[in-house]
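What follows is a short report on a single structure.
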Amino acid sequence: MKSPLWQGVTRLHWLVFIGCWLGGIFDGMDSSLYMVIQHDALADLLHTTSRAEVSQVGSWVMSTFLFGWMAGGILFGAVGDRFGRVTAMVWSIALYAIFTGLSGLVETPTQLAICRFLTGFGIGGELVSISTMLSETWPERSRAVAVGMLITSYQVGVFLAGLVPTVIYDAHLWLSAQGLTMAPWRLVFFVGVLPAILAVVLRLQLDEPEKWKQQDHSAHEVKFSLTSVLNQLKAIFAPQYRRDVWVGGTIFGALLIAYWASLAWIPTWIQDLMGSAGTGTEKSVATMVHGLSAVVGCSLSGVLANAWGRRTTILVAFSGMLASMALLLLSNQTFNANIYWQDGLLGFFNGLGQALLYVYLPELFPTSVRATAVGFCLNVGRFATAVAVLFVGALVALLGGYAQALMVFSLSYLLAIGASFLARETKGQALPA
């Protein structure tokens, strides 16, 4: 007998879920591959292993990626509202797949930054598309659980971003013996082109959600333009949406500042702790542990949100992120096995908080502006994040290490905790029409 939670869920619903979930996996993988191989790629391109120089250029490349993510998330949100969720999803997947692959061919840090900008542009658009589409397609009874499970896909992608370099680096000696002399970090980027195949499959198999098709699109411009984007963005600042937009954007933006600082630089922090004693796989293992733990957090987000309410679960998640960051960074002066489970604890709370916001934000807005509003909330904070990441290298030098610099960024979790008290509770409410 089917569980009451899953009543009304059909084969078509699962097809949509699988398509969105696979897209999210590659999203997480392509966004995170660079973090794991950042040191090797930049040391090769810069012809130096200087911590100061690698940190400075790494901050610049990461910031460029986040600016692209912000622009893509906001733009593709408007594309999704005007031209369809599937349309936005397919084009965003194709964009980030192609430019992740091209990253393996770059010869300078500037070329890498351009590729990462366009990769981020596509990734930002796809996360908006998959969460909006599944929210509008899935039955109300189990929607929060399904969307929370969807965001496990991104964390599985983070796990793969740790696994893929490990496999390729381990196989590199054998490949070199066969005459392939290309640097292994380049081969890692080539794996990121695989999602382009998924984009073609999704275009052939999926249709737009009924909620979107029921909207009146007759007034929309046939040709997409900057004016149409600005008009769509203007609509989400109407008085009835304004508070939800800014509260949602503040909470997610605060998450992004600390999350990206940690995800981008914890592998480098581990490398710094290891020095010449490391085998090169420790940071990959830590990334995999973080990703798997985040999958657990994502999986529980919908269940906890239905049991405790959205606001309480947000408070628990962000308090846990701050505490686990402090434990990880302040209790380890040298590399040891505790780092793995502590990074896993951080991953759990990161997964819980991220997935919960993907459940919560679509519940705040009606179909006509949902993707635009969600895209804005998920990405407006990336501007502050991109600017903040620029200063990671400087803070490392100023404060004397990665741990101290990353703790400064972790204080942004306090902003999210404060903003959550202003959030509107949506537990038990139907998705707005």
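Residue count for the stretch 191-210 under the criterion of being surrounded by fewer than 17 Cβ atoms within 10 Å (Cβ to Cβ) and in a helix (DSSP H, G or I): the result is 7. Among the conditions (1) modelled with pLDDT of 90 or more; (2) surrounded by fewer than 21 Cβ atoms within 10 Å (Cβ to Cβ); (3) of a type outside the set (D, E, K, R); (4) more than 17 Å from the chain's Cα centre (by Cα), the only one that His47 does not satisfy is (1).
Scanning the stretch 101-134 for residues that are within 18 Å of the chain's Cα centre (by Cα) and polar (S, T, N, Q) yields Thr119, Ser129, Ser131, Thr132. Report yes if Val396 is of a type in the set (Val, Ile, Thr) and within 21 Å of the chain's Cα centre (by Cα), otherwise no. No. The residues on offer are Phe349, Phe391, and the sole one that is surrounded by fewer than 20 Cβ atoms within 10 Å (Cβ to Cβ) and aromatic (Phe, Trp, Tyr) is Phe391. In the set Leu187, Leu180, Leu194, Leu173, only one residue is modelled with pLDDT of 85 or more and more than 30 Å from Leu364 (Cα to Cα); that residue is Leu187.
Restricted to helices (runs of 4 or more DSSP H) entirely inside the stretch 64-159, those with at least 3 residues that are among the hydrophobic types (A, V, I, L, M, F, W, C) and surrounded by fewer than 24 Cβ atoms within 10 Å (Cβ to Cβ) are 85-102, 109-137.
Look at (1) among the acidic types (Asp, Glu); (2) under 22 Å from Glu126 (Cα atoms); (3) surrounded by fewer than 24 Cβ atoms within 10 Å (Cβ to Cβ) and you find that Glu53 fails only one, number (2). If you go through the stretch 405-419 and pick out every residue that is within 24 Å of Ala305 (Cα to Cα) and crowded, with 22+ Cβ neighbours inside 10 Å, you end up with 4. All of (1) touching a Ser or Thr at 6+ places or on another chain (Cβ under 7 Å); (2) surrounded by fewer than 24 Cβ atoms within 10 Å (Cβ to Cβ); (3) aliphatic (A, V, I, L, M) hold for Ala337 with one exception: (1). Taking residues in the stretch 270-286 that are closer than 21 Å to Val156 by Cβ and surrounded by fewer than 15 Cβ atoms within 10 Å (Cβ to Cβ), and partners anywhere that are β-branched (Val, Ile, Thr) and at pLDDT 75 or above, the pairs with Cβ atoms closer than 6 Å and at least 6 places apart or on different chains are Thr281/Thr166. Of the candidates Val408, Val396, Val374, the single residue that is part of a helix (DSSP H, G or I) and under 22 Å from Val128 (Cβ atoms) is Val374. For the stretch 336-354, the criterion of being outside any loop (DSSP other than H, G, I, E, B), more than 16 Å from the chain's Cα centre (by Cα) and closer than 15 Å to Thr250 by Cβ is satisfied by no residue at all.
The values are calculated or read from the model by the stated rules, or taken from the named source; none is laboratory data. Note that this is a predicted model, so its numbers are computed, not measured. Please note: Cβ atoms are built from the backbone with ideal geometry, for glycine as well, and neighbour counts cover all protein chains shown.
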